Amino acid sequence: MRTPYFLIDADRIEQNLKVLNGVMQRTGSKILLAQKCFSCYALYPLISKYLSGATASGVYEARLCHEEMPGKENHVFSPAFRDEDIAVLQTICDHVVLNSPQQLHRYARRLREAGLQVGLRVNPECSTQEGHAIYDPCAPGSRLGTTLSALRSYLESQGITDLSSVIDGLHFHTLCEQNSDDLKTTLDAVEEKFGTYLHQLRWLNFGGGHHITRADYDIPLLEQCVSHIRQTYHLDVYLEPGEAVALNAGELHSTVLEVQPRGADGVSNVILDMSAACHTPDVIEMPYTPPVLSPVQSDAGHIYRFGGPTCLSGDVIGTYTFADELHEGDTVVFGDMAIYSMVKTNTFNGMPLPDIYIRQGGETRLWKTFTYDDFKSRV
Ligand SMILES: *Cc1c(COP(=O)(O)O)cnc(C)c1O
């Protein structure tokens, strides 16, 4: 197998799906795949067996769900739609979530007349994450979601007293890799601000960022949150996780091209045939250091700084320690590489895109292979 390549573990995804389906069964909630995180549509039939459908960030992802998850729910949210987007979406989606009163004014009636359900994304103005400001839609100045005061002035200006005369549900998305205690905090803010409206509607979408399939996730508290909303307001509840579906279900295999002599800091630079900038941009964007599964890391030994073969000095994956020396030709395997990886690759520097393999029931098959033509068609 030519490196670099992604290897998706379909059995692990099915384990995750069983956990999510358990939440659906016990609470009567509906869970959607957030496709922007993981769009490997070869697994959409498997995902369709366990989840209610998918959510999209725009026309392309909505089309992918329409084509590859036939008969399942197809939701879409974008900070702003164009007329031509709405024309397509109203033929393939069942739920459209709008971001602002202006978008509501422009599209809500048309979408409802076409038989779709319309939602409004709200901003509960309740930040629960410190680490990653770029992932906090409640940060000051956020363009994502409608605040209570903006919603109120719109409704007043239009003389609307019953929200159900314009929309069917509310949506919030404020979490990122968080546990259910932060969901609880956020829900309290949503209820405090938007509680009176919830009584008028059909559903509430809790967005994504719920790390439900992580070992330390408090599932009972999530289920209490869902049940509380369902019982208090008689609403359907949607969750739309991305990461939780494909958490720990992928590897990125790469090969050591060169081991440089140890520097003054005692660390050797290693050039791999994979690039953080091209193949795992979240490593730089978020930033985070991905786990290395093989070789096995050690507390003491040889220290290596892994970098990619691009022009970017900051194309560094991380620093790792191994008991044994690394050599040219060795394989390095990164873990948790199914999420926000394949959907974000690019060909900067003319880097080849990693092939994609799927492992299922002990068998591994090549799903996608990329060539020079993929680079040439995009530049
Ligand atoms: C990113 C996003 C999701 C999925 O988030 P995860 O962190 O992958 O669970 C769901 N809904 C919206 C609106 C998003 O922007």
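The values are calculated or read from the model by the stated rules, or taken from the named source; none is laboratory data. Just so you know, these numbers come straight off a predicted model, no measurement behind them. Methodologically, a virtual Cβ is constructed for each residue, glycine included, from the backbone with ideal geometry; neighbour enumeration extends over all protein chains shown. Calculation scope for accessible area: heavy atoms of the full protein, side chains included, ligands and nucleic acids excluded. Shrake-Rupley method; radii C 1.70, N 1.55, O 1.52, S 1.80 Å.
Remarks
- Segment 1-51 pair-distance distribution - Cα-Cα, 10 Å bins, rounded %: 22, 50, 21, 6, 1
- Relative to the current alpha-carbon distance between Ile92 and Glu113, full extension at 0.36 nm per residue lengthens the span by 6.1 nm.
- Length-normalised contact order for segment 51-150 - Cα pairs under 8 Å, 6+ apart - percent: 21
- Normalised contact order of the chain, rounded percent, pairs of Cα under 8 Å and 6 or more residues apart: 19
- Segment 228-355, accessible surface, carbon-and-sulfur percent (1.4 angstrom probe): 49
- Cα pair distances in segment 320-377, grouped into 10 Å bins until the bin that holds the longest one, percent each: 16, 38, 35, 11, 0
- For the chain, lysine pairs separated by 8 or more sequence positions, or belonging to different chains, with Cα-Cα distances below 15 Å total 7.
- Label-point gap, in nm, between Cys311 and Phe348 - each point 7 angstrom along Cα→Cβ: 1.1
- Ser57 versus Ser157: modelled label distance in nm, points set 7 Å from Cα along the beta carbon direction: 2.9
- Virtual spin-label span in nm between Ser149 and Glu192, 7 Å along Cα→Cβ: 1.6
- Principal axes of segment 57-120: Cα extent on each, largest first, Å: 32, 20, 18
- FRET efficiency for Ile219 and Thr321, using Cβ-Cβ distance with R0 set to 35 Å, rounded to 0.05: 0.50
- Note on segment 278-379: Rg/Rh from Cα positions, Kirkwood definition for Rh, rounded to two decimals, is 0.98.
- In range of the label at Gln231: residues from segment 6-28 whose backbone nitrogen is under 14 Å from the point 7 Å along Cα→Cβ: 27-28
- Gly250 long-range amide H proximity, modeled H, under 5 Å: Asp9, Asp336, Met337, Ala338
- Gain in span if fully extended, Gln200 to Glu363, counting 0.36 nm per residue against the direct Cα distance: 53.6 nm
- On the principal axes of its alpha carbon atoms, the chain extends 72, 41, 40 Å, with the longest extent given first.
- In a DSSP loop and with at most 12 other Cβ atoms within 10 Å, the trypsin sites (Lys or Arg not before Pro) in segment 108-202 are Arg143.
- DSSP assigns beta bridges within the chain; of those with both partners inside it, close to 40 percent run antiparallel.
- Segment 11-96, relative contact order [Cα under 8 Å, separation at least 6], %: 24
- In segment 281-379, chymotrypsin sites (Phe, Trp or Tyr not before Pro) in a DSSP loop with at most 15 other beta-carbon atoms within 10 Å: Tyr288, Phe370
- 10 Å Cβ shell holding at most 12 others, DSSP loop, GluC sites (Glu not before Pro): longest site-free stretch of the chain: 131-324
- Every Cα-Cα pair in segment 179-325 was counted, and those over 25 Å apart are 50% of them.
- Interatomic Cα distance distribution for segment 1-89, bins of 5 angstrom, percent: 3, 13, 22, 20, 18, 11, 8, 4, 1, 0
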